[in-house]
Amino acid sequence: MKNIICAALFLFIIPSAQAQAPASIIKRYKEIFKLIKADKAQELSKLVAYPLIRQNPLKDITNANEFVAYFPVLFDASFKKKFERFNDTVVFEHHGGYGLVGGDFHGDMWLDDRGNITGISVISRRETTLRNQLTKQIQSKIYPAVSHWDENILVLQSPKLLIRIDRVGQKLRYVSWSQGRPTSSKPDLVLNNGVAEAQGTQGGWTYTFKNGDWTYVIDDVEMCETANQCGYFLRLNLKNVEKSSTRLKVVK
């Protein structure tokens, strides 16, 4: 999901004159498109930087075997047809990555500086169907008052909490259960009217929810000096004073 949101953000920061992508990146994109068109999943699987993140609640693709099995779901006829409109001018360089964000493309695919696929934000019709089926299965098992959402942004877990961030209409909702309690039970806390803010152009998002004098902040930290400073954190602030910070892990 995060990759998809970031891809949308990049559309607003593309300079009027894009930096020319290296010839090696252009060549790699053309190679990738040929492999997709020819359904050569095994060869293409070697050009992916895993994991390949998929929109919730779809499972991420973590290795080459999973990629090969998922290939028919990922790339459908409309996806392949769109890539026929590729030309050298649609590649945008952003902090060492190269994405398709010009012309008819809207962040559809990203490569790293080695030419490996790091993100695919397009979701095919078959993948959409699978996502909707999984969503209905999950909704059927969740407490009725919070079982509807238009899009799941995140599911996060700490040793003490299970947290969902969902988009309901135009609003963001925070729902949490104490660890060990089923999601079919009444949540411990439901907060609405959350605010999402991008942390600059290099990635990372902050989701903020108010609860009286308390503020619940979910931080997605991507720019950091050490590995333990990156990741997801729940920060609890009382009257703008941080009282606790808890590391979270993403679950699907």
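The values are calculated or read from the model by the stated rules, or taken from the named source; none is laboratory data. Everything numeric here is computed off the predicted structure, so don't read it as measured data. Note that we place each Cβ from the backbone using ideal geometry, even for glycine, and neighbour counts take in every protein chain shown. Note: areas computed on protein heavy atoms with side chains; ligands, DNA, RNA excluded. Shrake-Rupley method; radii C 1.70, N 1.55, O 1.52, S 1.80 Å.
Note on the chain: helix-only mean residue ellipticity at 222 nm, from DSSP H runs of 4+ residues weighted -39500 (n - 2.57) and normalised by residue number, equals -7000 deg cm²/dmol.
Count Lys and Arg as plus one, Asp and Glu as minus one, and take only other residues whose Cβ is under 9 Å from that of GLU127; the net charge is then +3.
At a temperature of 20 °C and a viscosity of 1.002 mPa s, determine how fast the chain diffuses translationally according to Stokes-Einstein, using the Kirkwood radius over alpha-carbon pairs as Rh; express D in µm²/s, rounded to the nearest whole number.
Working: Rh = 19.8 Å.
Diffusion coefficient, whole number: 108 µm²/s.
Could you sort out which of LYS27/LYS59; LYS160/LYS252; LYS46/LYS136; LYS136/LYS210; LYS59/LYS243 sit more than 27 Å apart by Cα distance in this structure? Long pairs (Cα-Cα over 27 Å): LYS27/LYS59; LYS46/LYS136; LYS136/LYS210; LYS59/LYS243. Heavy-atom accessible surface of the chain, averaged per residue, reaches 53 Å², computed with a 1.4 Å probe. A simple spin-label model places pseudo-atoms 7 Å from Cα toward Cβ; at ALA69 and GLU197 they are separated by 4.2 nm. Quick check: at a probe of 1.4 Å, how many percent of the accessible area of the chain sits on carbon and sulfur atoms? C and S atoms contribute 52 percent here. Placing a pseudo-label 7 Å from each Cα along the Cα-to-Cβ vector at VAL241 and GLU31 gives an inter-label distance of 5.8 nm.
If I take R0 = 51 Å and measure r between the Cβ atoms of ASN211 and LYS81 in this structure, what FRET efficiency does the formula 1/(1 + (r/R0)^6) give, to the nearest 0.05? Walk me through the numbers before you get to the answer.
Details: r = 48 Å, r/R0 = 0.94.
Computed FRET efficiency for ASN211 and LYS81 comes out at 0.60.
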